[in-house]
1. List the residues of the range A:89-134 that lose 40 Å² or more of accessible area once all protein chains are present, compared with their chain alone (1.4 Å probe, heavy atoms only, no ligands or nucleic acids).
2. By how many nm would the segment from A:S117 to A:R102 grow when fully extended, if each residue of separation counts as 0.36 nm and the alpha-carbon distance is taken off?
3. So which residue, out of A:M21, A:M40, A:M99, gets the largest mean-square fluctuation from a GNM of chain A using Cα contacts under 10 Å as springs?
4. If a/c stays under 1.5 just call it rounded; otherwise compare a/b with b/c (prolate if a/b is bigger, oblate if not). Do that for the range A:52-92, with a ≥ b ≥ c from the square roots of the Cα gyration tensor eigenvalues.
5. Compute the FRET efficiency between B:L50 and A:V72 as 1/(1 + (r/R0)^6), taking r as their Cβ-Cβ distance and R0 = 35 Å, and round to the nearest 0.05.
6. Could you run the Karplus curve 6.51 cos²θ - 1.76 cosθ + 1.60 with θ = phi - 60° over the range B:10-21 and give me ³J(HN,Hα) per residue in whole Hz, x for Gly and Pro?
7. Based only on Cα atoms, what Rg/Rh ratio does the protein assembly as shown have, Rh being taken as Kirkwood's radius?
8. Take the solvent-accessible surface of the protein heavy atoms, probe 1.4 Å, and return the percent of it on the protein assembly as shown that carbon and sulfur atoms account for.
Amino acid sequence: MAEAETLDDFDETDEDVKRFMFVNRKAPYGTIYALEVLEMVLITGAFDQDVSVAFLDDGVFQIKKGQDTKAVNMKNFSPTYRALEGYDIEKLYVERESMEARGLAPEDFVVPVKVVSAAELADLMAEQDVIISG
Amino acid sequence: MKLGVLVNEGPFTHQASDSAYHFVKAALDKGHEVSRVFFYYDGVNNGNKLSAPQSDDRNLVKLWGKMAEEHDLDLVVCVAAALRRGVSDENLAPGFRISGLGQLIEAAMESERLVVFGD
């Protein structure tokens, strides 16, 4: 077993696996960025990369519960964030300052998130190989 | 250095495509390798050969095509983003090819840096 664990650890640092962070800064509707970032996130997960997704500024609204998009005639794609777990994408971060400025709390989101300060998020960004924002 | 490039905005509303073009040109001139330029969001409009800017304006669609020819540069337009915006094999500009988002992830994995142009 010890050998198997060692091999697993080795795989984690495999040079084919990079750390990708997707930075969501925009509201879910009004522009297409949120939807097309989500498409990139899903593909990156399918490539078995180490994926983090951060939500800041109005991006925190992307994962707010209870979205009703009928009046703007757009597809409500917020349920798709719940599918990320199926791709082993579980590193979801919400910037505390953005969340609090918008009167939101962790229980308002459709997925479990880790709430981090702007400074902590900066540290996480510094650890990434690839950062793509939208 | 081996570079991948991602272009996220169209060639007319936003400067990102021009900046990306000049960056790639400078990188190639300095002897760096650009493994792929991937076009996403409105960036796919860089590959629309029906674009007809006024004659005294730069024509990025043609400039990219010329650069691709001269440097054997791989210009890839995201299929999902392209079809949504009316860019298909029928009007794809010379020098570009249409493929999936996997090509972006691959470029990011293979390159030392992925340089992103857009907001």
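1. Residues passing the criterion (a loss of at least 40 Å², heavy atoms only) are A:I132, A:S133.
2. Values: separation 15, 0.36 × 15 = 5.40 nm, distance 1.47 nm.
Residue separation times 0.36 nm, minus the Cα-Cα distance, leaves 3.9 nm.
3. In this elastic network of chain A, the residue with the biggest mean-square fluctuation among A:M21, A:M40, A:M99 is A:M40.
4. Verdict is oblate for the range A:52-92.
5. Efficiency, rounded to the nearest 0.05: 0.75.
6. Using θ = phi - 60°, the values come out as x, x, 10, 7, 9, 7, 3, 5, 4, 4, 5, 4 Hz.
7. When Rh is taken as the Kirkwood radius, the ratio is 1.00.
8. On the way: 6410 of 13050 Å².
Carbon-and-sulfur percentage of accessible area, whole number: 49.
The values are calculated or read from the model by the stated rules, or taken from the named source; none is laboratory data. Computed from a predicted model, the values in this text were never measured in an experiment. FYI the Cβ positions are ideal-geometry reconstructions off the backbone, even for glycines, and counts take in every protein chain you see. The protein model used for the area step is the full one, side chains on, heavy atoms only, and it has no ligands, DNA or RNA in it. Shrake-Rupley method; radii C 1.70, N 1.55, O 1.52, S 1.80 Å.
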